[in-house]
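Asker: Dropping the structure in here first, questions after.
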Amino acid sequence: MAGKPGIAIVGPGNLGTALAAELRRAGFSIEAVMARSPKSLPKARALAKPVGARAAANLNHVRAEVVWLCVPDSAIDRAARSLATQCDWKGRIALHSSGALTSDELDSLRRKGASVASVHPFMTFVRGSHPTLGRVPFAIEGDPAAVRVARNIVRELGGQSYSIRKQDKAAYHAWGTFASPLLTALLATTEQVAAAAGVKHKAAMRRMMPILLQTLANYAAFGAPGAFSGPIVRGDAETVARHLRVLSPVPAAREVYLGLARAALEYLPTKNRGALKRLLDKSQA
């Protein structure tokens with residue numbers, strides 16, 4: 001597959017929108033944006049226009065060499081089975097971008113002659129945000145021909161591709177979940193603790209930004225051990241006990257505190273480790 005192949009995007013959601021824009025920026029032709037149902041056809045049309053594509057309800061008459069499924073994990077196998085009957089798959093490349101599932105989700109297309117791969121960008125995609133894919137790592141596994149094409153596409157996007165084993169994908173996706181969705185859950189929990197301190201939502205967000213940004217900068221510069229500060233690294237069991245008492249009216253936040261404190265004792269440098277562990281064990285009971 002010489003040059004930059006034409007690409008069809010299946011699924012005009014957050015990922016499909018960001019991916020289509022980045023592929024267009026990198027000089028790829030977006031042949032079509034396919035809606036998975038009549039209900040999503042207006043979204044497909046809205047995405048297709050700015051990237052110079054046409055909206056489509058199926059792959060009939062779509063000549064794209066690469067078909068990239070950007071649909072929820074639970075819909076990949078079903079979408080692939082539907083697509084398998086819509087065109088000739090011999091010589092085509094089919095990709096999906098699930099972090100948790102392997103290329104075998106596209107087996108119905110493989111049986112029709114397609115070469116398939118999973119291509120997952122280690123990035124978060126939410127409505128209203130359009131992150132660049134430059135320097136983003138992509139985990140890739142699948143059939144050799146599809147992997148080669150996927151690596152070339154990632155290189156053109158300015159991303160960094162690397163191989164992942166099928167058996168590692170679930171743990172890989174759990175890692176990504178810790179890095180973004182659960183980090184967001186932690187921030188939401190932090191807002192609840194701010195409320196317990198009398199600080200309202202918007203003010204809490206604004207006041208947290210400097211310490212959050214500096215923590216990330218410290219992590220980037222020094223790693224987790226060098227970025228760790230506060231009462232646990234100092235071994236201040238009295239302050240930790242005070243925190244746990246004041247968090248009693250916010251039980252979900254208290255559970256998060258206990259879990260993260262245990263992780264800190266396990267993975268980070270701390271003083272007075274024995275006393276802290278006894279305190280956490282007693283508070284968990």
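The values are calculated or read from the model by the stated rules, or taken from the named source; none is laboratory data. Since we're looking at a predicted model, the values are computed, not measured. Please note: Cβ atoms are built from the backbone with ideal geometry, for glycine as well, and neighbour counts cover all protein chains shown.
Asker: Here are 46, 56, 18: which of them is of a type in the set (A, V, I, L, M) and surrounded by fewer than 17 Cβ atoms within 10 Å (Cβ to Cβ)?
Answerer: 46
Asker: Among the residues of the range 94-122, what is the count of those that are closer than 15 Å to residue 81 by Cβ, in contact (Cβ under 8 Å) with a residue 40 or more places away in the chain and in a strand (DSSP E or B)?
Answerer: Adding up the residues that qualify gives 1.
Asker: Restrict the check to the range 193-205 and report whether at least one residue is outside the structural domain of residue 90 (by TED's automatic domain parsing), in contact (Cβ under 8 Å) with a residue 60 or more places away in the chain, in a helix (DSSP H, G or I) and touching a helix residue (DSSP H, G or I) at 6+ places or on another chain (Cβ under 7 Å).
Answerer: Within the range 193-205, one or more residues are outside the structural domain of residue 90 (by TED's automatic domain parsing), in contact (Cβ under 8 Å) with a residue 60 or more places away in the chain, in a helix (DSSP H, G or I) and touching a helix residue (DSSP H, G or I) at 6+ places or on another chain (Cβ under 7 Å).
Asker: What's the number of the condition residue 69 fails, among (1) in contact with a Leu (Cβ under 6 Å, 6 or more places away or on another chain); (2) within 21 Å of residue 149 (Cα to Cα)?
Answerer: (1)
Asker: May I pose another question? Just the residues that are surrounded by fewer than 15 Cβ atoms within 10 Å (Cβ to Cβ), in contact (Cβ under 8 Å) with a residue 40 or more places away in the chain and not small (Gly, Ala, Ser), please, taken from the range 234-259.
Answerer: 246, 249
Asker: If you take the residues of the range 132-153 that are of a type in the set (Val, Ile, Thr) and over 16 Å from residue 116 (Cβ atoms), which of them is modelled with the lowest pLDDT?
Answerer: 132
Asker: What is the one condition in (1) out of contact with any helix residue (DSSP H, G or I) (no Cβ under 6 Å at 6 or more places or on another chain); (2) buried (at least 22 other Cβ atoms within 10 Å of the Cβ) that residue 72 does not satisfy?
Answerer: (2)
Asker: State whether one or more residues within the range 219-228 are assigned to a loop (DSSP other than H, G, I, E, B) and either within 25 Å of the chain's Cα centre (by Cα) or under 27 Å from residue 273 (Cβ atoms) (or both).
Answerer: Yes, some residue in the range 219-228 is assigned to a loop (DSSP other than H, G, I, E, B) and either within 25 Å of the chain's Cα centre (by Cα) or under 27 Å from residue 273 (Cβ atoms) (or both).
Asker: Which of the residues belonging to the range 149-192 are in contact (Cβ under 8 Å) with a residue 24 or more places away in the chain, part of a helix (DSSP H, G or I) and among the basic types (Lys, Arg)?
Answerer: Those that are in contact (Cβ under 8 Å) with a residue 24 or more places away in the chain, part of a helix (DSSP H, G or I) and among the basic types (Lys, Arg): 166, 169.
Residue-wise test of (1) on the phi < 0 side of the Ramachandran plot; (2) of a type in the set (S, T, N, Q).
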{"position": "11", "(1), (2)": "no, no"}
{"position": "29", "(1), (2)": "yes, yes"}
{"position": "41", "(1), (2)": "yes, no"}
{"position": "65", "(1), (2)": "yes, no"}
{"position": "78", "(1), (2)": "yes, no"}
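Asker: Name the residue that is surrounded by the most Cβ atoms within 10 Å (Cβ to Cβ), counting only residues in the range 130-147 that are touching a residue at least 40 places away in the same chain (Cβ under 8 Å) and not in a strand (DSSP E or B).
Answerer: Only one residue tops the list, namely 146.
Asker: Tell me which residues, restricted to the range 252-285, are outside any helix (DSSP H, G or I) and either touching a helix residue (DSSP H, G or I) at 6+ places or on another chain (Cβ under 7 Å) or within 15 Å of residue 229 (Cα to Cα) (or both).
Answerer: Scanning the range 252-285 gives 268, 269, 270, 271, 272.
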